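Notes to accompany the following structure.
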Amino acid sequence: MLSRILLTICKINCRRQSLIAVATMLAGATLTRAQDTTNPTVTFSGGGNTEVANVTLTISWCDNQDLLASTRTITHNGQDVMLQFDYTTQTGSGQCAARATSTGTLTLTTGTNTIIASIKDFALNLGSGSTTYTFLAGFVEVTPKGTSVTRPIQSSLTQSFYVKNTGNPGAPAKTYNLSSACSGVTSNCSAPSTVGPLNPGDSSSVTVSYQTASNGECAEIGVESAVR
């Protein structure tokens, strides 16, 4: 009877020791992951000189592991324009395992337009990029720039100007809005509201008509014309 009791206790102790040993091994195990030190990359679909005011731009976001979409920023000449862009995840691979694109439309200002975008990954590595558009809205000239002449009083007169599209060859034809201004003793100064369409290198004559006042013998007047 005694021997059976001791045998039972031994089995219980053996099992307990085994459980303790397993629990100790599991507690000492540590899961490790290589530290992510790779920055995301940001690239753009466009940039350069343009005569078009509204441009559609696509930004590509890429990382070797993951992208934290909530950290992205997009600015146009320092102004936040992120709400003008969507965010669409794409199928990636390799060093671009996490991939997404953002597409939006921007209205450029005359001259230099700088677009900067940035994003972080889950390890908070920062990636950024930029592109620049130069909006060449001034691809047009008017000659003469302005003129001052002496005209007889109480007369209906005209002054001719020439509008030239000075854009790059191959660029689309453009139609320009025209405005005119007469100074001195004049009235009824008028000109066509538009001129064109003009292909790059082409010019067109524009006539400004006006009326001189009825006082005095002659009047010095100024006539100007501008396009936009």
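A few comments on the model shown:
- Taken as a whole, segment 32-54 holds at least one residue that is loosely packed, with under 12 Cβ neighbours inside 10 Å, among the hydroxyl-bearing types (Ser, Thr, Tyr) and either modelled with pLDDT of 90 or more or under 30 Å from residue 123 (Cα atoms) (or both).
- Some residue of segment 81-96 being touching a residue at least 24 places away in the same chain (Cβ under 8 Å) and within 23 Å of residue 167 (Cβ to Cβ): no
- Among the residues of segment 160-187, those that are modelled with pLDDT of 80 or more, more than 16 Å from residue 51 (Cα to Cα) and not aliphatic (A, V, I, L, M) comprise 160, 161, 162.
- Between 69, 29, 100, the distinction of being modelled with pLDDT under 95 and either of a type in the set (Gly, Ala, Ser) or under 20 Å from residue 126 (Cα atoms) (or both) belongs to 29 only.
- Selected residue (only one of 104, 92 is surrounded by 12 or more Cβ atoms within 10 Å (Cβ to Cβ), within 10 Å of the chain's Cα centre (by Cα) and assigned by TED's automatic domain parsing to the domain that holds residue 124): 104
- Flag if residue 131 is in contact with a strand residue (DSSP E or B) (Cβ under 8 Å, 6 or more places away or on another chain), surrounded by fewer than 17 Cβ atoms within 10 Å (Cβ to Cβ) and either at pLDDT 95 or above or closer than 30 Å to residue 204 by Cβ (or both): no
- Just one of the listed residues (156, 183, 187, 193) is without any contact (Cβ under 8 Å) to a residue 24 or more places away in the chain and among the polar types (S, T, N, Q), namely 193.
The values are calculated or read from the model by the stated rules, or taken from the named source; none is laboratory data. Just so it is clear, the model here is predicted, and its values are computed rather than measured. Note: ideal-geometry Cβ built from the backbone for every residue, glycine included; neighbour counts use all protein chains shown.
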